Amino acid sequence: MAGTLELVVMGFIVAVVFLQPEFGISVLHKKYSRLRNYSKMKLIPKVPSIVYPPVPDEVRLSLDEIQALQERGQDPETRAGLFQGDMALTNEFYKYWRVGLRWDVFPEKLWPNNTVPYIISPLYDPDDYVTIYTAIRTISFMTCIKFVPWNGKTKDYLLIWPIKYPKGCWSFVGKFGGPQIVSLQAPDANGPNCLGNEGRAIHELLHALGIFHEQSRADRDRFVKIHLDNVIPELLVNFDKQSLDNTTYNFEYDYDSIMHYGKYFFSKEKGKPTITPKMPGVKRLGQRKALSKTDCLKVNDLYGCLTKNIFYQRKYYTICQNLGI
């Protein structure tokens with residue numbers, strides 16, 4: 001019933017956007033604003049009353065799945081010691097990375113029925129829980145992905161957990177199968193903070209949905225210059241790119257993507273950029289605040305939301321264009 005009501009409400013909003021653009025967009029922004037302002041006291045008691053599965057403090061990853069990164073004051077998401085900083089790849093994925101990942105080869109890596117069961121660890125304090133929940137609700141609102149609390153029975157689901165090793169913010173790419181960890185480190189005196197805002201949580205959740213880093217695109221050299229001389233030598237792998245054989249996105253390169261590296265990621269010396277834009281006038285590379293317009297469209301495109309029917313197409317184009325940064 002709730003789903004039907006939301007569909008009717010969103011249908012009304014999309015219709016109003018076309019008939020009375022200023023009023024319709026205002027309603028859309030108000031609805032979006034409400035989902036981002038949760039009361040901690042009202043939200044926390046709604047955590048599903050389920051038996052949490054046993055979660056180890058450490059996650060064992062094979063040599064093919066992990067690249068030994070050093071902690072040298074990098075952005076928190078690069079602290080995990082994983083491929084491209086925050087992505088854990090299965091052996092199957094890693095084998096195909098050099099020739100480019102093809103989604104037509106790996107359809108099983110997409111979440112079926114656009115539905116992602118999840119558990120948020122009870123170890124998070126209320127502020128961090130709300131940050132993670134806001135990230136989940138934001139993706140659900142802006143795309144046709146449905147995040148649903150795990151019912152204790154579904155085989156495949158996300159475990160959003162503050163894993164102690166590898167410590168940091170990281171995720172497997174796409175559906176891994178079984179309980180699948182998304183590591184979001186809560187802030188502490190000795191470790192990285194993945195939860196300063198919901199942007200970092202959104203970044204890792206997009207990896208879990210199957211989205212790679214923007215600057216790894218096969219066509220990236222048309223848009224950015226990689227300064228390999230400024231990169232920590234043992235971390236050069238983080239600037240590998242996909243091949244032209246890869247099934248690429250149907251959108252232009254996105255400098256504002258929440259999935260794009262920053263200008264100084266993996267730099268061996270402070271002030272030396274590792275990646276700079278080729279497009280005149282571009283001042284910022286990447287951000288960890290919110291979905292960009294193109295991030296939003298990519299997820300919707302990957303999961304068939306833009307081709308399902310004209311209503312879905314108009315709905316999600318409207319949302320992405322008006323709520324994406």
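The values are calculated or read from the model by the stated rules, or taken from the named source; none is laboratory data. The shown structure was predicted, so the numbers you read here are calculated from the model rather than taken from an experiment. No Cβ is skipped: glycine too gets one built from the backbone with ideal geometry, and neighbour counts run over all protein chains shown.
Take the residues of the range 118-150 that are in a loop (DSSP other than H, G, I, E, B) and either in contact with a strand residue (DSSP E or B) (Cβ under 7 Å, 6 or more places away or on another chain) or without any contact (Cβ under 8 Å) to a residue 60 or more places away in the chain (or both): which is nearest to LEU184 (Cα to Cα)?
For the range 118-150, the residue satisfying everything is SER121.
Which is among the acidic types (Asp, Glu), assigned to a loop (DSSP other than H, G, I, E, B) and either surrounded by 13 or more Cβ atoms within 10 Å (Cβ to Cβ) or modelled with pLDDT of 90 or more (or both), of ASP256, ASP245?
ASP256
Report yes if some residue within the range 230-240 is over 30 Å from ILE119 (Cβ atoms), of a type in the set (D, E, K, R) and either in contact (Cβ under 8 Å) with a residue 12 or more places away in the chain or part of a loop (DSSP other than H, G, I, E, B) (or both); otherwise report no.
There is at least one residue in the range 230-240 that is over 30 Å from ILE119 (Cβ atoms), of a type in the set (D, E, K, R) and either in contact (Cβ under 8 Å) with a residue 12 or more places away in the chain or part of a loop (DSSP other than H, G, I, E, B) (or both).
If I filter the range 277-325 down to residues being in a helix (DSSP H, G or I), among the hydroxyl-bearing types (Ser, Thr, Tyr) and touching a residue at least 24 places away in the same chain (Cβ under 8 Å), which single residue comes out as surrounded by the fewest Cβ atoms within 10 Å (Cβ to Cβ)?
Within the range 277-325, the first condition is being in a helix (DSSP H, G or I), and the residues that meet it are 293-302, 310-323.
Checking which are among the hydroxyl-bearing types (Ser, Thr, Tyr) leaves us with 294, 312, 316-318.
Remaining after also requiring touching a residue at least 24 places away in the same chain (Cβ under 8 Å): 294, 312, 316, 318.
Details: THR294: 22, TYR312: 16, TYR316: 23, THR318: 19.
Residue satisfying both the conditions and the ranking: TYR312.
Taking the criterion of being surrounded by fewer than 21 Cβ atoms within 10 Å (Cβ to Cβ), acidic (Asp, Glu) and in contact with a helix residue (DSSP H, G or I) (Cβ under 9 Å, 6 or more places away or on another chain), would at least one residue in the range 215-237 satisfy it?
No, the conditions are met nowhere in the range 215-237.
In the range 182-214, how many residues are within 25 Å of ILE275 (Cα to Cα), in contact with a Gly (Cβ under 7 Å, 6 or more places away or on another chain) and at pLDDT 85 or above?
Number of matching residues: 1.
Does the range 163-181 contain at least one residue that is among the small types (Gly, Ala, Ser), surrounded by fewer than 21 Cβ atoms within 10 Å (Cβ to Cβ), under 30 Å from ASN250 (Cβ atoms) and at pLDDT 80 or above?
So the first thing to find is which residues in the range 163-181 are among the small types (Gly, Ala, Ser), and the list is 168, 171, 174, 177-178.
Within this subset, residues satisfying the condition of being surrounded by fewer than 21 Cβ atoms within 10 Å (Cβ to Cβ) are 177-178.
Adding the requirement that they be under 30 Å from ASN250 (Cβ atoms) leaves 177.
Add one more test, that the residue is at pLDDT 80 or above, and what stays is 177.
Yes, that holds for at least one residue.
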